[in-house]
Ligand code: NAD
Ligand code: MG
């Protein structure tokens, strides 16, 4: 049954890889969706072209200077989109009372507050911004349960797992997996661009090589995270919260072809997997249409031409950040908030060529060794901890 009117949509991080893929799917269904607000950090050119094409009611630029430039350009062209600026403006468009659906696709910690604002106002929240959940875990899930928001995972692995879960588990973030016959969640990961690189060459890889993912085209930060496999570590933490999983219920499997997007193993020996092209429009369309299916523009898988699908265990020596993230996951909230912050600082420094690839892990390991992990109960405490971890990581960069 389709809703009587188009769903009103806010896209946080509209100029990014996920934001653009979302708009591509939305444009295929003009009757079903209406773009209320688009947001970006400071890319005026990209936002201007989105405003020309999609005519949102509001465009948010978190950078104020970028906001005034956008405003001037829109005026020149007679486009009536209202421009607002700053991080409070993100929160406003996330919880605006006329909005039904919020795509949370800002990268990193900057997405936490607007994503939470969407959750607290009970929206359908399409979660791409995994860092928000990693930073705030229990608080985030509690907010979902209290507000009655509908949280749908966009991350391809979590979307695959979601699709393979019983409806009762899909609809209850506090369900006990074992009660539903679920033995394990199997997160697949390609192993990134350096899966077969000789280990002694790993340390000195640069941003171009790290961002050259074999299967997926993504933003820079997540591409680097895929090369270190901290991305899979963040996804492990994300899966723990989304699916209320215990330590023995979560495994990571290397699958270089990225065709199987993840799996759920049941107590009778069945394994349900979701397969598809490595194209984010599939999970995005699934979330936009749920529980219906929408045309996404993604080509069908052609099995006769696929060749072999292979699976292996991850190599601990190649991906030290993966185990660090798994340990942080079970050490508690402060550990995952701290690791996420340290990684964001290290990845930014790597992309600016201030450190080498191997230093990303070194910085994260050093921060995790030196940080203290107080109990955190509020978002303010989480933000304070995030800030401290960033200071500590920045200090490590200078030594
Ligand atoms: P991206 O770098 O391509 O885009 C990021 C977006 O966030 C841009 O619109 C940018 O303007 C905005 N942004 C950046 N910094 C900001 C700030 N400080 N304040 C406000 N806005 C800011 O990133 P992406 O690849 O689209 O990833 C977005 C999120 O989705 C990330 O959390 C990523 O882990 C997750 N994700 C991405 C993919 C993918 O295929 N790209 C897959 C799974 C999950
Ligand atoms: Mg993923």
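The values are calculated or read from the model by the stated rules, or taken from the named source; none is laboratory data. Note that the structure is a prediction, hence the values are computed from the model and not measured. Positions of Cβ are generated from backbone atoms using ideal geometry, with glycine treated the same way; all protein chains shown enter the neighbour counts.
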Residue tally, condition free of Cβ contacts under 8 Å to residues at least 60 places away in the same chain and in contact with a helix residue (DSSP H, G or I) (Cβ under 6 Å, 6 or more places away or on another chain), over region 185-211: 3
Hits in region 30-44 - residues which are part of a strand (DSSP E or B) and without any contact (Cβ under 8 Å) to a residue 60 or more places away in the chain: 34, 35, 38, 40
Qualifying residue in region 21-29 (condition: within 16 Å of ligand 2 (Cβ to nearest atom) and not in a helix (DSSP H, G or I)): no
Single condition residue 365 does not satisfy, out of (1) surrounded by fewer than 17 Cβ atoms within 10 Å (Cβ to Cβ); (2) not assigned by TED's automatic domain parsing to the domain that holds residue 229; (3) not in a helix (DSSP H, G or I): (3)
Where residue 217 falls short, out of the listed (1) closer than 22 Å to residue 315 by Cβ; (2) within 16 Å of ligand 2 (Cβ to nearest atom); (3) in contact with a helix residue (DSSP H, G or I) (Cβ under 8 Å, 6 or more places away or on another chain); (4) assigned to a loop (DSSP other than H, G, I, E, B): (1)
Options 300, 296: the member that is in contact with a helix residue (DSSP H, G or I) (Cβ under 6 Å, 6 or more places away or on another chain) and under 26 Å from residue 260 (Cβ atoms): 296
Residue in region 228-241 that is over 30 Å from residue 139 (Cβ atoms), within 16 Å of ligand 2 (Cβ to nearest atom), buried (at least 21 other Cβ atoms within 10 Å of the Cβ) and in contact (Cβ under 8 Å) with a residue 40 or more places away in the chain present: no
Residue 332 being at positive phi and touching a residue at least 24 places away in the same chain (Cβ under 8 Å): yes
Residue check, residue 342 out of contact with any strand residue (DSSP E or B) (no Cβ under 8 Å at 6 or more places or on another chain), in the same structural domain as residue 228 (by TED's automatic domain parsing) and assigned to a helix (DSSP H, G or I): no
Condition check for residue 225: away from ligand 1 (no atom under 16 Å from the Cβ) and either in a helix (DSSP H, G or I) or under 22 Å from the mean Cα position of the chain (by Cα) (or both): no
Residue ranges of helices (runs of 4 or more DSSP H) in region 75-174 with at least 2 members under 14 Å from the mean Cα position of the chain (by Cα) and within 16 Å of ligand 2 (Cβ to nearest atom): 130-147, 156-164
Residue 244 outside any helix (DSSP H, G or I), within 16 Å of ligand 1 (Cβ to nearest atom), over 18 Å from residue 272 (Cα atoms) and touching a helix residue (DSSP H, G or I) at 6+ places or on another chain (Cβ under 9 Å): no
Residues located in region 368-382, provided they are in a helix (DSSP H, G or I), under 27 Å from residue 226 (Cα atoms) and free of Cβ contacts under 8 Å to residues at least 60 places away in the same chain: 368, 369, 370
Options 39, 22, 15; residue that is under 19 Å from residue 295 (Cβ atoms), surrounded by 17 or more Cβ atoms within 10 Å (Cβ to Cβ) and near ligand 1 (Cβ under 10 Å from one of its atoms): 22
Any chance residue 79 is under 25 Å from residue 345 (Cα atoms) and in contact (Cβ under 8 Å) with a residue 12 or more places away in the chain: no
Test: residue in region 304-313 that is in the same structural domain as residue 255 (by TED's automatic domain parsing), farther than 15 Å from residue 215 by Cα and assigned to a helix (DSSP H, G or I): yes
